[in-house]
Amino acid sequence: MKIVSKLTRRNAVWLIPLALIVTYPLWHMPLAAFLAPRGGFDPSYGKGEREGYNFRLLTPTIYEYKNGRQSAIIRAKAGYSTQNPDEYALEVVDADIFNLDGAMTHIVAQKGVFQNINRMLTLLDDVVIDKKTDNQQLYSDLLYYDDKKETVTCPGATRLVGEDIEVTGSSFFYDVRSGRSEVGGRVNCLIDQQADL
């Protein structure tokens, strides 16, 4: 009885941790099962390749600026993502390219691919370039426009039609900055001399 009488409130506080330690085998397993995450743990989760994004845009417009001036406006009927993250495929392309003087060259095509990092526009199928200031049109099936270099390249057969002249060749190159153009390969030129009479 003397032992029980010496049990004070301060000594009773030590009984709680002692009771937890002694009864540990009884409550450990049920508590661990209750706190365990559901569904298990997969170490490979989150380490796989990232899934690419996939989107489709209606009537997208791309604006290109160079040294504070607008160098190109690229419009399309539709645009969508490709396997490359910085590349966009375009349908029914309508583009305007501006030189240093602000003169506009209008380009249309059925298909296109725009590479954002390289700032390269590739046009395919029924490509028509209309240079209004010189009253010239160029027809081709493949065109590359490099916005960094400001050059237009047609590696395939091209036909250039101007006032009183028609030139066909197997390639075409145009420098937007200087206004210089070259027709390569086998060149055929028809000049209407009756216009001068």
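The values are calculated or read from the model by the stated rules, or taken from the named source; none is laboratory data. If you're wondering where the values come from, they're calculated on a predicted model, not measured in any experiment. Cβ coordinates were reconstructed from backbone atoms using ideal geometry, including for glycine residues, and neighbour counts include every protein chain displayed. Surface areas here come from the heavy atoms of the whole protein model, side chains and all, with no ligands, DNA or RNA. Shrake-Rupley method; radii C 1.70, N 1.55, O 1.52, S 1.80 Å.
Quick look at the values:
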| quantity | calculated |
| --- | --- |
| Elements of type strands (runs of 3 or more DSSP E) in the stretch 126-197, at least 3 residues being within 27 Å of Lys66 (Cα to Cα) and in contact with a Lys or Arg (Cβ under 9 Å, 6 or more places away or on another chain) | 136-146, 171-175 |
| Options Asp126, Asp147; residue that is within 25 Å of the chain's Cα centre (by Cα) and more than 16 Å from Ile97 (Cα to Cα) | Asp126 |
| Residue match in the stretch 10-29 (condition: assigned to a helix (DSSP H, G or I), open to solvent by 100 Å² or more (accessible area, probe 1.4 Å) and at pLDDT below 80) | yes |
| Leading residue by the ranking (farthest from Thr122 (Cα to Cα)) among those in the stretch 92-101 that are in contact (Cβ under 8 Å) with a residue 12 or more places away in the chain and open to solvent by 20 Å² or more (accessible area, probe 1.4 Å) | Leu100 |
| Residue match in the stretch 113-126 (condition: in contact (Cβ under 8 Å) with a residue 40 or more places away in the chain and either over 30 Å from Arg56 (Cα atoms) or open to solvent by 30 Å² or more (accessible area, probe 1.4 Å) (or both)) | yes |
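Yes/no per residue for (1) over 19 Å from Thr122 (Cα atoms); (2) surrounded by fewer than 16 Cβ atoms within 10 Å (Cβ to Cβ):
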site	(1), (2)
Leu143	no, no
Lys148	no, yes
Val152	no, no
Asp164	yes, yes
Ser171	no, no
Ser181	no, no
Val187	yes, yes
Asp192	yes, yes
